[in-house]
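Trainee: Structure provided below as structure tokens; questions to follow.
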Amino acid sequence: MSFLEKNWVPYLLIFTLAIAQYANTRNHDFAWDDVIVITENSRVQKGWSDIPELFENIKSGKTENRYGYRPISLLSFATDVEFFGVNSKASHRISILHYGILVVVVFFFLQTIFPNKKWFNFLVSVLFVVHPLHTEVVANVKSRDEVLAMSFGLAALVLFWNGLLKSSWINYTIAGACLVLAFLSKENAVVFCGVAGLLAWYRFSNISLKNWLKIGAPIAIFFAVLVAIRFFVYSGVYFQNDDFELYTKGIFLQDGFVGNPLFGIESNFLLKYWNIIFLNGLYLTKFLVPFPLVHDYGYNYLSVVGFTDLKAWLAVFVLIAMLLFLFKGLRERTIYGFGLAFYFMTASVYLHVGGLAPDIFAERFMFMPLLGLALVFVDILLRIAGYMKKSEVVVVTVVLILSSGFFAMSWNRNEAWKDNRTLLETDLSRLHDGARANYNYALLLHGLYYQSSKQEQLTMADSILKYYERTMKITDRLYPAYLDLGGAYMEFQKFDEAKKIFQKAIDKYPQISASYVQMGKYYMTHKEYDKAIPNFEKAIEMGAHGSDYYYFLAICEFNSENHQKAIEILNRGEAVDVNSGAYYALIVNLHMRLGETEKAQNALQRGLNRFPQSQDLNNLKATVSKK
């Protein structure tokens, strides 16, 4: 084991192992949530041309705005684009490099806190590098935010530790800056404020209350700064939010229950915390036996467990044992005590103790906490070996054999993240009862349908409907599935089924305008304009402000011979908002049909002023000028 005595050797080995572990993702396509941060993110796709825009905090119906406030992560993705364009291979290779850097930081952090335990720190780092739970984070480009947050967070802790040793406010200041960068990479980095307190506990034993207050001052300042940032970026001064518009239109409306079945039981204190205890047991289970792994653990793959669930009872006893060891370990300042405390602190934001996370469980939730469990695991193995009077070589052998198995599992799981289709088709056999998995697969097939030949399309329609329908059987609380299933029924000429599903959507979600719009389109298809009109009017009445509703309503009124009313409706919609040249093209055409040439010319000019590249409008120039 003497080869580790050279300081640079373990760093090189760990870095190389990390690169090798994820080398088979280097040519992957973008997948899953990458659409949010890269492939459909207009701000990121500008590269460095408008960096201040990356620091804006916007929530809207656009896919790119379904992301937390993580401007440093967005800047990282924009940097990819600046140098390599929207290039999945380049982004994956950069993510692998980031991971390699992180694991070097992990080893350096452990060496700083436990300086006389190089082999121990090396084994913990190896276990961290190869653990299969990390595949989601590294193989999915979007989850680089986890890597960045942990990298900056651990760097902050090293600086804070050195500040404790030297009583240096310079170290504290730089540590604070790193914490801000971590927090702006991903919000869960706030947990490092708690870990800083843990470091202080392990650094000092017999000191006065006055000195504890002095030590706690920089930690309190760190936390206050992060909270202040959070309040500011979500304040009315900074935050751009159209929640009401999203809600009334039904855009990005998804019952939180679908991702996290704990939504709806928050008021039941005992049941909520019973399930939190169960989830803690699941975290531990996935650490020890990381199989099977899936990309979506929402309803109904995981659901609320009751008080008669035997696994939950086992989780209770496991938690009691963990807490007993935690208190004993903290009192004696042992490594396993540090590891357990690190685990509970970093896992706390995802165990739903405070608020509920969007997902009940995800492998990325274990990214930071896993370091704590790895510390506990290796420390316990060494203690068992000592008790049994076995050589430490036995422990090294066990950990390396286990790590070899984990390496193979991670390598295999990486292949699932090749692209969306591979991911969904790999996991769907295990996610047969998963609402979002079935829905997303239906969406995937529906998208592929338009890229297929006429012959292929004949065989695809049934599969598309199958997965939409399965989604609806699993849960009636995934609102977009109503609209997509109804739309598919319309497309595949199953009009009666479409009408039924739209009516179900109206009955269950009477406050959402999109359901009325779809029902209106159904009646438009059958030229039942008198029945379509009330539905479009209801959609507008519900508070939706998009011009598309006025567009459809005007067509129905015009075809019902209410010509002037149709024009008036279009004018009202224009005053609200117009998002395409087609809207103005309709105004022009209706005026032309009524022989109102001058009004048509004015409408055409207004449209061209807003949408000069609109083909619909440019095609009308010759027609209008002739008149």
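Trainee: Quick check for me: using +1 on Lys/Arg Cβ and -1 on Asp/Glu Cβ, what's the dipole size of the chain about its Cα centre, in debye to the nearest 20?
Mentor: Roughly 1740 debye for the chain.
Trainee: Per-residue counts of other Cβ atoms within 10 Å, averaged by peptide: what ranking do you get for 143-149, 80-86, 534-540, 579-585, highest first?
Mentor: Highest-to-lowest ranking by the protection proxy: 143-149, 534-540, 579-585, 80-86.
Trainee: In addition: So, how do all the Cα-to-Cα distances of region 377-532 break down into 10 Å bins, in percent, from 0 on up?
Mentor: With 10 Å bins starting at 0, P(r) equals 10, 26, 22, 13, 10, 9, 7, 2, 0.
Trainee: Quick one: the Cα spread of region 182-335 along its three principal axes, in angstroms, biggest first?
Mentor: 59, 50, 30
Trainee: If you roll a 1.4 Å probe over the chain with all protein chains in place, what percent of the accessible area is carbon or sulfur?
Mentor: The computed percentage sits at 59.
Trainee: Of the listed values (i) 1.04; (ii) 1.07; (iii) 0.94, identify the label whose number matches Rg/Rh (Cα atoms, Kirkwood Rh) calculated from this model.
Mentor: Only one listed value fits the structure, namely (i).
Trainee: Let me ask something else. Based on the mean of other Cβ atoms within 10 Å per residue, sort peptides 514-526, 207-219 so the most packed one is first.
Mentor: Peptide ranking by packing, descending: 514-526, 207-219.
Trainee: Working from Cα positions, state the angle (0 to 90°, nearest 10) between the long axis of helix 71-84 and the longest principal axis of the chain.
Mentor: 80
Trainee: Enumerate the aspartates and glutamates that Lys504 could reach by cross-link, defined here as Cα to Cα under 12 Å, with residues fewer than 8 away along the same chain left out.
Mentor: Correct list for Lys504: Asp476.
Trainee: Next question, about the same structure. Looking at region 92-148, I'd like the Rg to Rh ratio, where Rg is from alpha-carbon atoms and Rh is Kirkwood's inverse mean 1/r.
Mentor: 1.02
Trainee: Same structure, new question: Students often get this wrong, so check it: of Lys118/Lys389; Lys466/Lys508; Lys466/Lys500; Lys89/Lys118, which have C-alpha atoms separated by over 26 Å?
Mentor: With Cα atoms farther than 26 Å apart: Lys89/Lys118.
Trainee: Under a 1.4 Å probe, what is the accessible area of the chain per residue, stated in Å²?
Mentor: Spelled out: the 1.4 Å probe surface of the chain, per residue, equals 45 Å².
Trainee: Give me the net charge for the shell around Ala315: Cβ to Cβ below 15 angstrom, other residues only, Lys and Arg +1, Asp and Glu -1.
Mentor: +2
Trainee: Follow-up question, since we're still on this one. Going highest first, how would you order 110-122, 25-37 by mean Cβ packing within 10 Å?
Mentor: 25-37, 110-122
Trainee: What is the dipole size for region 37-103, taken about its Cα centre, with +1 at each Lys and Arg Cβ and -1 at each Asp and Glu Cβ, in debye to the nearest 20?
Mentor: Result for region 37-103 is approximately 200 debye, rounded to the nearest 20.
Trainee: Once you charge only the Cβ atoms, +1 for Lys and Arg and -1 for Asp and Glu, what is the size of the charge dipole of region 114-225 about its Cα centre, to the nearest 20 debye?
Mentor: Using only the charged Cβ atoms, the result is roughly 420 debye.
Trainee: Distances longer than 16 Å among the Cα atoms of region 508-599: what percent of all pairs is that?
Mentor: Distances greater than 16 Å cover 52 percent of the Cα pairs.
Trainee: Angle check, please: helix 615-626 long axis (alpha carbons) against the longest principal axis of the chain (alpha carbons), in degrees 0 to 90, nearest 10.
Mentor: Its long axis makes an angle of about 20 degrees.
Trainee: When every alpha-carbon pair in region 104-204 is counted, what percent end up more than 19 Å apart?
Mentor: Cα-Cα pairs of region 104-204 separated by over 19 Å account for 46 percent.
Trainee: Let me ask another. Show which aspartates and glutamates lie in cross-link reach of Lys46 when reach means a straight Cα distance below 17 angstrom and same-chain residues fewer than eight apart are skipped.
Mentor: Asp34, Glu56, Glu64, Asp80, Glu82
Trainee: Can you tell me which lysines have their Cα less than 17 Å from the Cα of Lys565? Leave out same-chain residues fewer than eight positions away.
Mentor: Lys531, Lys538, Lys599
Trainee: Going by amide H atoms built from the backbone, whose H comes under 5 Å of the H on His28, apart from near neighbours?
Mentor: The list, which skips near neighbours in sequence, is empty: none.
Trainee: Still on this structure, please answer the following. Separation of region 263-306 and region 415-458 by C-alpha centroid, Å?
Mentor: So the separation of the two Cα centres works out to 26 Å.
The values are calculated or read from the model by the stated rules, or taken from the named source; none is laboratory data. The structure presented is a predicted model; accordingly, all values stated were derived computationally and were not measured. When we count neighbours, we look across all protein chains shown, and the Cβ atoms used for this are built from the backbone with ideal geometry, even at glycine. Keep in mind that these areas ignore ligands, DNA and RNA; they rest on the heavy atoms of the full protein, side chains included. Shrake-Rupley method; radii C 1.70, N 1.55, O 1.52, S 1.80 Å.
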